[in-house]
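> This is the structure I want to talk about, given as structure tokens.
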Amino acid sequence: MKVAPSILTADFLHLEKELKAIDKDSDYIHLDIMDGTLVPNISFGFPVIEAVAKAVSKPMDAHLMVVNPDKWFEKLASLGVQMVSFHLEASGRKTAENLQKAQKLGMKAGIAINPDVPVEKLYRYIGKADFFLIMSVFAGFGGQKFIYESLDRVGKLKAELLKKGSPALIEVDGGVGLSNAAALREAGADIVVAGSAVLGADDPAATIRALQEA
Ligand code: DX5
Ligand code: ZN
């Protein structure tokens, strides 16, 4: 599996050091952008993304937990973001249009859903989205406990993608660590996001490699 460490729980006073410890082994760098409206928290914005872009060599994967996500696509693309996901809960009827908007800017576009959104709601976007982000905790905070029902949701979506012959990837985000990575791979996850499991580890690089090999 590919691993996208989330820097949400990084030590922001020493962000460069934190990034150097994960960049070499990471597949992507996951950026959690929150607006305090779609989710009950605010994280960080463009000045931080700009700084991260200068410090990492791996593609940035921006996870937008904001209302009106398309408002920010141009700016994100200009900062070098290569993968962007936004929540179905935020984009509603504009989802297909938003996917296209992001893709036209050269980014891979994904749809994220919280654990209480039926996974079937994603099916109509198969063939349109480059990837799907299944939240395995409720979006808003790092360090939460993995919701085990997420494995079923990943499995269902994977089966549907296979049935339709879609190459879209499945990314899983929230509470991911060495205790559930193998089960996620078996269920069909292609990319796992790991925040506290990586940044909180004694050896972040070794943890990333272990997740990749799970
Ligand atoms: C939660 C974020 C996650 C989070 C993951 O809203 O989308 O990316 O940072 O952190 P852990 O791995 O600690 O659950
Ligand atoms: Zn995330």
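> Give me the pairs, please: first residue somewhere in the stretch 149-167 and among the β-branched types (V, I, T), second residue anywhere and part of a loop (DSSP other than H, G, I, E, B) and open to solvent by less than 30 Å² (accessible area, probe 1.4 Å), beta-carbon distance under 9 Å, and either six or more positions apart or on two chains.
Listed pairs, sorted by first residue: V154/S136; V154/G188; V154/A189.
> Another question, if that's okay. Can you say whether V198 is out of contact with any Asp or Glu (no Cβ under 9 Å at 6 or more places or on another chain) and within 16 Å of ligand 2 (Cβ to nearest atom), as far as the supplied structure shows? Show your work before the answer.
On the way: out of contact with any Asp or Glu (no Cβ under 9 Å at 6 or more places or on another chain): yes; within 16 Å of ligand 2 (Cβ to nearest atom): yes.
Judged against the criteria, V198 is a match.
> I've got another one for you. Considering only residues that are more than 13 Å from G142 (Cβ to Cβ) and assigned to a strand (DSSP E or B), which ones fall in the stretch 1-50?
Correct list: K2, V3, A4, I29, I33, D35, I42.
> Another question, if that's okay. Scan the stretch 93-112 and tell me whether some residue there is within 12 Å of ligand 1 (Cβ to nearest atom) and not in a helix (DSSP H, G or I).
Taking the stretch 93-112 first, the residues within 12 Å of ligand 1 (Cβ to nearest atom) are 112.
Subset that is not in a helix (DSSP H, G or I): 112.
Yes, the conditions are met somewhere in the stretch 93-112.
> Residues in the stretch 12-23: is at least one open to solvent by 30 Å² or more (accessible area, probe 1.4 Å) and within 16 Å of ligand 2 (Cβ to nearest atom)?
No, every residue in the stretch 12-23 fails to be open to solvent by 30 Å² or more (accessible area, probe 1.4 Å) and within 16 Å of ligand 2 (Cβ to nearest atom).
> What are the residues in the stretch 1-11 that are surrounded by 21 or more Cβ atoms within 10 Å (Cβ to Cβ) and farther than 20 Å from V84 by Cα, if any?
The one that is surrounded by 21 or more Cβ atoms within 10 Å (Cβ to Cβ) and farther than 20 Å from V84 by Cα: A10.
> Filter the stretch 190-203 for residues that are of a type in the set (A, V, I, L, M), open to solvent by 10 Å² or more (accessible area, probe 1.4 Å) and either within 17 Å of M60 (Cα to Cα) or outside any helix (DSSP H, G or I) (or both) and give the result.
First pass over the stretch 190-203, keeping only residues of a type in the set (A, V, I, L, M): 191-194, 197-199, 201.
Going one step further and asking which of them are open to solvent by 10 Å² or more (accessible area, probe 1.4 Å), we end up with 197, 199, 201.
Answer for the stretch 190-203, where residues must be of a type in the set (A, V, I, L, M), open to solvent by 10 Å² or more (accessible area, probe 1.4 Å) and either within 17 Å of M60 (Cα to Cα) or outside any helix (DSSP H, G or I) (or both): L199, A201.
> Could you pull out the residue among A168, A139, A159, A201 that is more than 22 Å from F44 (Cα to Cα) and under 17 Å from the mean Cα position of the chain (by Cα)?
Numbers: A139 fails: more than 22 Å from F44 (Cα to Cα); A159 fails: under 17 Å from the mean Cα position of the chain (by Cα); A201 fails: under 17 Å from the mean Cα position of the chain (by Cα).
That would be A168, the only listed residue that is more than 22 Å from F44 (Cα to Cα) and under 17 Å from the mean Cα position of the chain (by Cα).
> From the list G92, G106, G110, which residue is surrounded by fewer than 18 Cβ atoms within 10 Å (Cβ to Cβ) and under 15 Å from L64 (Cα atoms)? Quick ask: steps written out before the conclusion?
Details: G106 fails: under 15 Å from L64 (Cα atoms); G110 fails: surrounded by fewer than 18 Cβ atoms within 10 Å (Cβ to Cβ).
The unique qualifying residue is G92.
> So which residues in the stretch 115-160 are under 16 Å from S85 (Cα atoms) and crowded, with 21+ Cβ neighbours inside 10 Å, if there are any at all?
L122, A129, F132, L133, I134, M135, S136, A139
> Still on this model: Quick one: how many residues across the stretch 161-171 are small (G, A, S) and open to solvent by less than 20 Å² (accessible area, probe 1.4 Å)?
The first filter runs over the stretch 161-171 and keeps only residues small (G, A, S), leaving 165-166, 168.
In the following step, the residues that additionally are open to solvent by less than 20 Å² (accessible area, probe 1.4 Å) were identified as 168.
Number satisfying all stated conditions: 1.
> Would you check which residues across the stretch 24-34 are crowded, with 16+ Cβ neighbours inside 10 Å and more than 12 Å from ligand 1 (Cβ to nearest atom) and list them? Talk me through it step by step, then tell me what you get.
Within the stretch 24-34, the subset crowded, with 16+ Cβ neighbours inside 10 Å is 25-34.
Result: D25, S26, D27.
> Does any residue in the stretch 186-214 that is more than 17 Å from V172 (Cβ to Cβ) come within less than 9 Å, Cβ to Cβ, of a residue that is in a helix (DSSP H, G or I) and of a type in the set (G, A, S) six or more places away or on a different chain, and which pairs are these?
Sorted first by the residue in the stretch 186-214, then by its partner, the pairs are L199/A21; D203/A21; P204/A21; A205/A21.
> Out of I170, I147, I191, report the one residue that is under 21 Å from D32 (Cβ atoms), in contact with a helix residue (DSSP H, G or I) (Cβ under 8 Å, 6 or more places away or on another chain) and within 16 Å of ligand 2 (Cβ to nearest atom). Give the steps one after another, and end with the answer.
Numbers: I147 fails: in contact with a helix residue (DSSP H, G or I) (Cβ under 8 Å, 6 or more places away or on another chain); I191 fails: in contact with a helix residue (DSSP H, G or I) (Cβ under 8 Å, 6 or more places away or on another chain).
I170 is the lone residue from the list that is under 21 Å from D32 (Cβ atoms), in contact with a helix residue (DSSP H, G or I) (Cβ under 8 Å, 6 or more places away or on another chain) and within 16 Å of ligand 2 (Cβ to nearest atom).
> Here is a further query. Within the stretch 172-186, take every residue that is open to solvent by less than 20 Å² (accessible area, probe 1.4 Å) and part of a helix (DSSP H, G or I) and give me the one that is nearest to D11 (Cα to Cα).
Looking only at the stretch 172-186, we keep the residues that are open to solvent by less than 20 Å² (accessible area, probe 1.4 Å), and these are 172-174, 176-177, 180-181, 184.
Checking which are part of a helix (DSSP H, G or I) leaves us with 181, 184.
Working: A181: 24, L184: 27 Å.
Selected residue: A181.
The values are calculated or read from the model by the stated rules, or taken from the named source; none is laboratory data. On a predicted model such as this, the values are computed, not experimentally measured, just so you know. For neighbour counting, all protein chains shown are included, and Cβ atoms are generated from backbone atoms with ideal geometry for every residue, glycine included. When the accessible area is computed, the model is the full protein with side chains, heavy atoms only, and any ligands, DNA or RNA have been set aside. Shrake-Rupley method; radii C 1.70, N 1.55, O 1.52, S 1.80 Å.
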